[in-house]
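*Asks:* Here's a structure for you.
The values are calculated or read from the model by the stated rules, or taken from the named source; none is laboratory data. Remember, predicted model here, so these are calculated numbers, not experimental data. Positions of Cβ are generated from backbone atoms using ideal geometry, with glycine treated the same way; all protein chains shown enter the neighbour counts. The protein model used for the area step is the full one, side chains on, heavy atoms only, and it has no ligands, DNA or RNA in it. Shrake-Rupley method; radii C 1.70, N 1.55, O 1.52, S 1.80 Å.
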Amino acid sequence: MNLVERAKNIILKPKDEWAVIDQENTSVASLTVSYLIPLALIPAIAAFIGYGVIGVAFFGPILSWGVKQAVVSFLSTIIGAYISATIINILAPNFASTKDFSKAFQLVVFAYTPAMIAGAFTAIPVLSILGIVGLYGLYLLYIGLKPMMKTPDDKVTVYFVVSLVVIVAVYFIWAAILAFVLIGKTYSMPVMQ
């Protein structure tokens, strides 16, 4: 699998690419090393540049803040992919879908592609709002459920919505914990006496 070709195809021709991906038997470890980690480095490096080199708003660049943001970004992406795949896999039988962690992991990792690439906008803080184009990954996840998890047509929408709600909740909790552990308190409220 060529990383650049796969990323291009999943973004530009997703229905065709999901059919190709479904035929592959890529291991979770192999997919992590050959695709997820290289793409997860894009938003991580961009976060380092945006927060640690260029700086954000009136704070200016703070190298240590950039390193912490890069670590949070990288770990959130990698661990988030595993958590999301686990949730989708656990929910599969409830939606008459095939329970297969490897396929769920492929689904999540390739659906993450636009968000990881769009993470490059974080390098220039003023442009970071353009990272919203990463939401295209939700569409990729939606159309990927049928070929990857063998979800019946009448269950795809509900499976997608339930999975999304659970994934978002878990992701925000995980990201908050990770940010607190790695970054600590970022602000404090004044104490009234």
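*Asks:* In the list Ser76, Ser97, which residue meets the criterion of being closer than 24 Å to Ala169 by Cβ, among the small types (Gly, Ala, Ser) and modelled with pLDDT under 90?
*Replies:* Working: Ser97 fails: modelled with pLDDT under 90.
On inspection, the qualifying residue turns out to be Ser76.
*Asks:* Scan the range 1-22 residue by residue and report those that are in contact (Cβ under 8 Å) with a residue 12 or more places away in the chain, open to solvent by 50 Å² or more (accessible area, probe 1.4 Å) and basic (Lys, Arg).
*Replies:* Lys15 - this is the single residue of the range 1-22 that is in contact (Cβ under 8 Å) with a residue 12 or more places away in the chain, open to solvent by 50 Å² or more (accessible area, probe 1.4 Å) and basic (Lys, Arg).
*Asks:* Kindly list the number of the only condition in (1) under 21 Å from Met149 (Cα atoms); (2) within 16 Å of the chain's Cα centre (by Cα) that fails for Phe74.
*Replies:* (1)
*Asks:* Would you pick out the residues in the range 138-168 that are surrounded by fewer than 16 Cβ atoms within 10 Å (Cβ to Cβ) and within 16 Å of the chain's Cα centre (by Cα)?
*Replies:* Leu138, Tyr139, Val165, Val168, listed by residue number.
*Asks:* I've got another one for you. Quick test for you: out of Ala92, Ala40, Ala81, pick the one residue that is crowded, with 20+ Cβ neighbours inside 10 Å, among the hydrophobic types (A, V, I, L, M, F, W, C), at pLDDT below 95 and within 23 Å of Tyr139 (Cα to Cα). Break it down stepwise before answering.
*Replies:* Details: Ala92 fails: at pLDDT below 95; Ala40 fails: at pLDDT below 95.
Matching residue, one of Ala92, Ala40, Ala81: Ala81.
*Asks:* Let me ask something else about it. Could you tell me which numbered condition Tyr171 fails, if it satisfies all but one of (1) within 14 Å of Tyr112 (Cβ to Cβ); (2) open to solvent by less than 70 Å² (accessible area, probe 1.4 Å)?
*Replies:* (2)
*Asks:* Still on this structure, I have one more. Within the group Lys103, Lys68, which residue is basic (Lys, Arg) and either touching a Lys or Arg at 6+ places or on another chain (Cβ under 6 Å) or open to solvent by 30 Å² or more (accessible area, probe 1.4 Å) (or both)? Don't jump to the end; show me each part of the working.
*Replies:* Numbers: Lys103 fails: either touching a Lys or Arg at 6+ places or on another chain (Cβ under 6 Å) or open to solvent by 30 Å² or more (accessible area, probe 1.4 Å) (or both).
Matching residue, one of Lys103, Lys68: Lys68.
*Asks:* Which residue pairs have Cβ atoms under 9 Å apart, sit 6 or more places apart or on different chains, and have a first residue in the range 23-42 that is of a type in the set (Asp, Glu) and a second that is outside any loop (DSSP other than H, G, I, E, B) and open to solvent by less than 30 Å² (accessible area, probe 1.4 Å)?
*Replies:* As it stands, the answer is Glu24/Gln106, since those pairs meet every condition given.
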